[in-house]
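First up is the structure itself, then whatever we jot down about it.
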Amino acid sequence: MRFCSPRSGWRIILLFLVFLNGGFQSVQAESDTTSVDSLKKQINLLVQDKHYSQAAKAYDSLGKIYHRQYGYNKYTMDSYLSSLKYYSLMGDSLGYFNQYLVIGDYYSQDYFMHAYAEKYLKKAQQYFKRTQNMPKVIEARLGLDNIAQHIEPTPPGLKTHLRETERLSVKYQRPYSQAYALSLLANTYSRDKQPDSAYYFASRSLIISNQLKVNWLIALNHFYLGLVEQFRNNSMAAIEEYQKSYNLSKAENSLGMMRELSRHTADSYSRMGDYNKAYDWSQKTLDYTVQFYASEQTKSIRLQELDSQIKTLAVEKQLVEEQSRNQHVLNSALFIGLIISVIGVFTLVYLRRQQTLIDHQHTVIAQQQIRQLELKSLRAMIEGQEGERSRIARDLHDGLGIQLSRIKLFIEAHQEELPSTVKEPLNQFLDEACAETRLISNDLRPYALSTFGLVPALEDLVQKLNLVNQTNLILDHYGEMPPLSDEAAVMIYRVVQELLNNALKHAHAQVVTVQLMVNEETTLISVDDDGLGADFDNLLSTGSGMANIKSRIAYLGGHVMWQSEAGKGTSVMISLPIAIRPFSH
């Protein structure tokens, strides 16, 4: 029997960290009566009056308010980074490195940001060691230990390090840090498939968490206790523990944790033979998965560090322009002073030309660096989207799909024991569930695309859509498609899929035609329908779907044009270079 896989183990603690409000800061939530708008006005006044210390604290409070409203989000990180800047302006080292702890803990919520999280936490730990601030050293140790848990396999010295951190927490009377250290120990032993030790540390952490009334730790420890009960084959007891954790997670609107709890609850019901409830909880798992990864808040945070670099380059560009203006004034003064001398005039002209050339070069370099970072940001977003699609498709196929197949085989092996009034509907329900699972998995990561290539995958897509829609879809292909990278093929497939879905949902067309035309210089893709038409100028400025299509085509070095007239249908033309290569590092 499986206790907790390494992959699942570290992911659980990561998901629950979403409940943390700024790392090891006060667990008592601030009053929500202060609105975001009023706090922003106060910050503007503080900055204008150069009260930077108060502005830094106000930005920290603003970040926590954003976190309560949106969960893990970009606006909170913007506020924390602004707080860091004003602590720096004031020369407040304690506030500055304490904010390093906050940012490091916040970044640790996302696996893709662990490198940045480790950087912030290590710098904070070095400072607090120098100043002998042991409570803060303990917080930095726990943040780094949380990141270390995600390394495969578990680092050999992690358990010893966590036990030492727990002893330090007791010595310096830090019960919150002690409860967190015990919880990390429970997760570490869970990953190493040692349920008795996991139960011991989770129980101790739960006692302290209840005393402190820290909901996220209480819920986390109930989850670990549920895993232990399931390992001991006590499925009903496991479900009871999962339900306690689920109720707390639902109160906090933690979609990620509710997804994991739903998955484990479905597994426990399946082991008990209650397949109806197992299927219901599996459906909840799928719903929470879609909600969690469709949220823009969970995507934008991964681009935060790159965005801050872009802002830094923009500031540098502004400084260069300011220096250029100052130099222009100086050169003008020199020109007036040396007008009486021909040699001076020629010298001044030469200096001005040289300075203009240097300024232009600086500006071009800054613009190129900004463009490179923008492309990296776009690549990170696209890779994150496709990576999550592939992971969800694998989880559906290897998890829910296998469970449904096992149920079907079990029923087929015992068909003689079932009455006909039950056997036939049950087989039908299972066939429909299996078909729906395959359909969702194929939509997330089409089998034909990875196996046969772009054109066969589009033919398969059109054929399947024709089976379930009254609209007639036609695919025409002219010329030989150039060799495509997997990344480029996926993006072109997604764009055509999005255009077909828009035509089927909104255009009310009778015929939709897709044409792929390849010549020696260009690959052209057109999607035409005879539907209602639309105001694409307005849709391009407001619709996220259209913006997504435009960004993907631009990423491939191509162009997209929309033409539409009310009552006369819509035509979308995509032009791509013959050598389709996405931006590379």
Which condition from (1) farther than 30 Å from Met257 by Cα; (2) not in a helix (DSSP H, G or I) is the one that Leu39 breaks? (2)
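If only one of Val320, Val315 is modelled with pLDDT under 65, in a helix (DSSP H, G or I) and more than 34 Å from the chain's Cα centre (by Cα), which one is it? Explain how you work it out, then say what you get.
Working: Val315 fails: more than 34 Å from the chain's Cα centre (by Cα).
On inspection, the qualifying residue turns out to be Val320.
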Of the numbered conditions (1) in contact with a Pro (Cβ under 6 Å, 6 or more places away or on another chain); (2) assigned to a strand (DSSP E or B), Asp528 fails exactly one; give the number of that condition. (1)
Hey, does region 501-518 have a residue that's under 34 Å from the mean Cα position of the chain (by Cα), more than 25 Å from Ala448 (Cβ to Cβ) and surrounded by fewer than 16 Cβ atoms within 10 Å (Cβ to Cβ)? yes
Which listed residue, of Gly256, Gly226, is assigned to a helix (DSSP H, G or I) and under 23 Å from the mean Cα position of the chain (by Cα): Gly256
Answer yes or no as to whether Thr160 is of a type outside the set (Phe, Trp, Tyr) and either closer than 30 Å to Asn253 by Cα or in contact with a Lys or Arg (Cβ under 9 Å, 6 or more places away or on another chain) (or both). no
When you scan region 190-203, do you find a residue that is free of Cβ contacts under 8 Å to residues at least 40 places away in the same chain, surrounded by fewer than 21 Cβ atoms within 10 Å (Cβ to Cβ) and within 27 Å of the chain's Cα centre (by Cα), even just one? no
Selected residue (only one of Lys136, Lys129 is in a helix (DSSP H, G or I), within 21 Å of Asn98 (Cα to Cα) and free of Cβ contacts under 8 Å to residues at least 12 places away in the same chain): Lys129
Filtering region 106-127 down to residues that are over 16 Å from the mean Cα position of the chain (by Cα) and surrounded by 22 or more Cβ atoms within 10 Å (Cβ to Cβ), which residue is farthest from Tyr59 (Cα to Cα)? Gln125
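Tell me, which helices (runs of 4 or more DSSP H) lie completely within region 362-455 with 2 or more residues that are within 27 Å of Ser526 (Cα to Cα) and at pLDDT 70 or above?
On the way: elements: 402-413, 420-444, 447-452.
Passing ranges, in order: 447-452.
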Applying the selection to region 470-495, what residues are more than 20 Å from Leu556 (Cβ to Cβ) and either modelled with pLDDT under 85 or out of contact with any Leu (no Cβ under 9 Å at 6 or more places or on another chain) (or both)? Gln470, Asn472, Ile474
Restricting attention to region 165-181, does a residue exist that is assigned to a loop (DSSP other than H, G, I, E, B), surrounded by fewer than 20 Cβ atoms within 10 Å (Cβ to Cβ), over 32 Å from the mean Cα position of the chain (by Cα) and in the same structural domain as Asn247 (by TED's automatic domain parsing)? yes
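Which count do you get for residues in region 545-571 that are outside any loop (DSSP other than H, G, I, E, B) and either among the hydrophobic types (A, V, I, L, M, F, W, C) or touching a strand residue (DSSP E or B) at 6+ places or on another chain (Cβ under 8 Å) (or both)? I'd like the intermediate steps shown before the answer.
So the first thing to find is which residues in region 545-571 are outside any loop (DSSP other than H, G, I, E, B), and the list is 545-555, 559-564, 570-571.
Checking which are either among the hydrophobic types (A, V, I, L, M, F, W, C) or touching a strand residue (DSSP E or B) at 6+ places or on another chain (Cβ under 8 Å) (or both) leaves us with 546-547, 549-550, 553-554, 559-564, 570-571.
The number of residues fulfilling the criteria is 14.
Identify the residue in region 229-253 that is under 28 Å from the mean Cα position of the chain (by Cα) and among the polar types (S, T, N, Q) and, among all such residues, is surrounded by the most Cβ atoms within 10 Å (Cβ to Cβ). Let's see the steps before the verdict.
Just the residues of region 229-253 that are under 28 Å from the mean Cα position of the chain (by Cα), to begin with: 242-253.
Imposing the further condition that a residue be among the polar types (S, T, N, Q) reduces the set to 243, 245, 247, 249, 253.
Details: Gln243: 13, Ser245: 25, Asn247: 12, Ser249: 29, Asn253: 11.
Top of the filtered list is Ser249.
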Has region 114-126 got any residue that is part of a loop (DSSP other than H, G, I, E, B), more than 18 Å from Leu39 (Cα to Cα) and modelled with pLDDT of 90 or more? no
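The values are calculated or read from the model by the stated rules, or taken from the named source; none is laboratory data. Just so we're clear, the structure is a prediction, and the values are computed from it rather than from any experiment. Please note: Cβ atoms are built from the backbone with ideal geometry, for glycine as well, and neighbour counts cover all protein chains shown.
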